[in-house]
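See structure below.
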């Protein structure tokens with residue numbers, strides 16, 4: 001691993017196994033190139049060069065990219081910017097954007113940020129952590145010889161579409177958790193942590209929605225006609241489908257918040273049903289004790305009763321009468337469906 005000593009922080013260069021340069025060619029087989037050869041490659045109009053970088057770039061690597069592809073100073077500095085947050089900038093013939101990618105449904109705020117710089121027949125992507133959707137995109141397009149016919153804006157649109165798909169996947173993951181929570185609430189009404197789980201899910205939905213909402217202005221700018229003219233794309237509406245899919249992801253995140261309320265209603269309904277079951281048992285126990293209570297009250301009155309006071313068999317006669325009444329009451333409750 002080489003060390004760049006030109007900077008005060010002694011930045012490390014990105015190792016070769018974390019840097020990928022693919023030259024898409026509409027007329028020949030696509031090629032994977034080391035960075036040195038990618039910097040020397042002459043890209044024709046029927047070719048597209050994609051350089052994907054995982055990790056931080058050194059000043060020397062950024063300078064080499066800037067000199068070879070004539071990147072403006074603002075574009076080069078943007079590749080070193082570590083601030084989290086979506087952004088979109090147009091620098092001459094190049095444009096640069098930053099988006100959150102693959103948000104984790106468990107920790108939406110810890111999304112990996114993806115920087116993309118695009119120019120004529122050139123796309124540079126940089127991210128601090130591995131992104132599985134870029135790997136899937138690379139495998140999907142590896143055998144597609146027509147990729148070389150795409151301009152950089154169309155290729156970036158494909159990358160953004162794949163990133164928006166990860167937004168939908170994050171929303172789907174939270175909705176799956178809500179479905180599992182509802183199933184547990186219906187099957188296990190005695191769960192004591194149901195409300196706490198809903199509160200935690202509600203917080204995560206809020207974080208995810210805020211993360212997506214922060215991208216609203218970026219995607220809206222991508223769909224504007226003035227931006228399409230500035231990037232020299234053959235298709236002025238190249239980003240409109242992506243903008244529409246993003247709007248759908250944001251709408252799904254907002255509707256999922258309402259789903260939490262539905263899950264809470266399911267939990268409260270099941271809790272109320274369990275409370276009703278408990279009250280029914282207590283009520284039935286009270287009613288069954290009523291004949292014995294009434295009988296004991298009558299026998300305790302200072303009156304002459306039609307039973308001998310000094311006969312032990314009288315106790316069993318009273319018990320038989322009380323049990324008989326209780327059996328009749330149980331039969332009636334069973335017949336009416338009360339128990």
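Once you reduce the range 313-339 and the range 21-55 to the center of their Cα atoms, the two points are 90 Å from each other. Segment residue 90..residue 36, full-extension length gain: 16.8 nm, with 0.36 nm per residue of separation and the alpha-carbon distance subtracted. Site pair residue 284 and residue 214 shows an inter-label distance of 5.6 nm when each label is modelled 7 Å from Cα along Cα→Cβ. Peptides 286-293, 130-137, 204-211, 244-251, ordered by how many other C-beta atoms sit within 10 Å of their residues on average, highest first, read 204-211, 244-251, 130-137, 286-293.
Between the range 153-180 and the range 241-269, what is the C-alpha centre distance in whole Å? Comparing the Cα centres of the range 153-180 and the range 241-269, I get a distance of 14 Å. Is the range 16-268 rounded, prolate or oblate when judged by the Cα gyration tensor, a ≥ b ≥ c being the square roots of its eigenvalues, rounded requiring a/c under 1.5 and prolate requiring a/b larger than b/c? Prolate.
Would you mind classifying the range 45-164 by shape? Square roots of the alpha carbon gyration tensor eigenvalues, ordered a ≥ b ≥ c; an a/c under 1.5 is rounded, otherwise it is prolate if a/b is larger than b/c and oblate if not. Show your work: numbers first, answer last.
On the way: a/c = 1.74, a/b = 1.08, b/c = 1.61.
Taking the square roots of the gyration eigenvalues as a ≥ b ≥ c, the range 45-164 is oblate.
Sorted from fewest to most neighbouring beta carbons within 10 Å, what does the list 151, 161, 235 look like? Could you put the intermediate results ahead of the total?
Numbers: 151 20, 161 16, 235 13.
Fewest-to-most Cβ neighbours within 10 Å comes out as 235, 161, 151.
Is the shape of the range 196-242 rounded, prolate or oblate, going by the alpha carbon gyration tensor and its root eigenvalues a ≥ b ≥ c, with a/c under 1.5 for rounded and a/b larger than b/c for prolate? In terms of gyration-tensor shape, prolate.
Rule-based calculations on the coordinates, nothing more; no lab input. This is a predicted model, so every value here is computed, not measured. With ideal geometry, Cβ positions are generated from the backbone for all residues, glycine too; neighbour counts draw on all protein chains shown.
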